[in-house]
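Written out below as structure tokens is the structure these notes cover.
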Amino acid sequence: MSAQAGLTLDHTVAECGGAVIGTASWSGNRTGKRVGVVLRYRTQGRGDVDTAVVASCDLGIDEAGQARFRLCVPPYGPITYHGQLLRLLWQAAVQIPRHPASAIVELTVLPRGWALPPLGSPGWRGG
Amino acid sequence: MAGTVVITDRSRRARSLGLIILGVFLVPFAIAVPIPFALVGAAFLIGGIRRLWLSHVLGVPTLVVPLAEPLCLGGVLVARFHRSGGTPRARRTPRLSALLVCQERVTYRQGTDDHTVTQEIYRRELAVTTDQVPDTVSGQVVIEVPVDAPPSLTLTHNRVIWSVQVRVQVPGVPDDTGRFALPVLPVVAARVVGDGGAGGRAPGAPQ
């Protein structure tokens, strides 16, 4: 049986210096190696690709499980960007050893203070 | 000066030296294949020497930015411009103007060559006050960054670059433009947040 993973974010919009919070679930990790969730960005467009993992969270070595996680967005970005020559996209992904990126969710990173939502509000004004 | 960042634009001197070196490098080729290489080499040499002469005549443009106020989206910053050195003639009744420019710059590799592509995505004239002090080229530049523009981005192959370009016009002397790169943080300025937040379309969001 192959490994499976699921990923749900509380919000798909975050701001620089803020946090990405969500729930990850997985099964089929028979390697005994560590399962993790990562926050990363990647560029697209005319230029060569720049990519980096900016935060990660260890979810343990269990064969299956479900866990809450919190990943910090760097205070000075980069932000999600759709320009003329380049685009910059953010993703959160569950990583099961030997099953790379089993679950991926795209999110938007905005400048700090762009449009802070009131606590408990379902969405953001920006994005 | 304490609490400030001093940015000087010495690109003219660097470019002139580069042209002179290129011109000298072409001399051996000019001996082998006289006319074309001699012409190209002479053009580089003359261009380099002219730029060096301009550097001597015009002086070095400098922008002084307050350290305590990093540039933010929607933020306003007052910088001081001055040109040091240069001949007295180049300091007579100067007229200053300035632009705020944002460019995307990407590099990509094709075969063994690296290519760079630059695209200007924002350009706006800035308010400038020229100092009425005899024999000086100086003034005040009000830098106002739009809130719905992208902040600076500095990755290996992909960049968003903000710069202030200050142009000095003096009668009888070639115009001179100083270019100063300034980082813009991915932070909305307090004055915008205080007005109720930026809201609207996010910087660089799809149309």
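Bear in mind that the values in this text are calculations on the coordinates, not laboratory data. The structure presented is a predicted model; accordingly, all values stated were derived computationally and were not measured. No Cβ is skipped: glycine too gets one built from the backbone with ideal geometry, and neighbour counts run over all protein chains shown.
Placing +1 on the Cβ of every Lys and Arg and -1 on the Cβ of every Asp and Glu, with nothing else charged, gives the stretch B:68-187 a dipole about its Cα centre of roughly 360 debye.
Based on the mean of other beta carbon atoms within 10 Å per residue, what is the order of A:6-12, B:173-179, most packed first? Please list the in-between numbers first.
Values: A:6-12: 15.7, B:173-179: 17.4.
Highest mean packing first, the order is B:173-179, A:6-12.
Summarising the overall dimensions of the stretch B:68-187 from its C-alpha atoms, the Rg and Dmax are 16.9, 56 angstrom.
With both labels modelled 7 Å from their Cα along Cα-to-Cβ, the B:L39 to B:Q132 distance reads 5.3 nm. The convex hull built on the alpha-carbon positions of the stretch A:1-66 has an orientation-averaged projected area of 6.0 nm².
Run the numbers for B:S11 and B:V24: contour at 0.36 nm per residue of separation, minus the present Cα-Cα distance, in nm. Don't skip to the answer; put the middle values down first.
Numbers: separation 13, 0.36 × 13 = 4.68 nm, distance 2.00 nm.
Separation in residues times 0.36 nm, less the Cα-Cα distance, equals 2.7 nm.
Contact order, relative form, for the stretch B:68-187: 36 percent (alpha carbon pairs under 8 Å, 6 or more residues apart, mean separation divided by residue count). For the peptide B:185-192, the mean number of other protein chain Cβ atoms found within 10 angstrom of a residue's Cβ is 6. Ranking B:S152, B:V141, B:P186 by how far each Cα lies toward the positive end of the dipole of the stretch B:68-187 (charges on Cβ) leaves B:V141 at the top. Taken residue by residue and averaged, Cβ atoms of other chains lying within 10 Å of the Cβ of B:146-158 number 6.
Amide H contacts for A:G83 (H built 1.01 Å from N in the peptide plane; partners 5 or more residues away or on another chain; cut-off under 5 Å): A:L88. For the stretch A:67-76, backbone phi angles converted through the Karplus equation (6.51, -1.76, 1.60; θ = phi - 60°) give residue-by-residue couplings of 8, 7, 9, 9, 10, 8, 8, x, x, 10 Hz, Gly and Pro being listed as x.
Backbone amide hydrogens, once placed in the peptide plane, bring A:G6 within less than 5 Å of A:S25, A:W26, excluding anything fewer than 5 places away on its chain. Rounded to the nearest 20 debye, the dipole magnitude of the stretch A:4-110 is 220 debye, with +1 charges on Lys and Arg beta carbons, -1 on Asp and Glu beta carbons, and the Cα centre as origin.
Tell me whether chain A comes out rounded, prolate or oblate; compute the Cα gyration tensor, take square roots of the eigenvalues as a ≥ b ≥ c, and use a/c under 1.5 as the rounded threshold. Mind showing how you got there, number by number?
Numbers: a/c = 2.47, a/b = 1.47, b/c = 1.68.
In terms of gyration-tensor shape, oblate.
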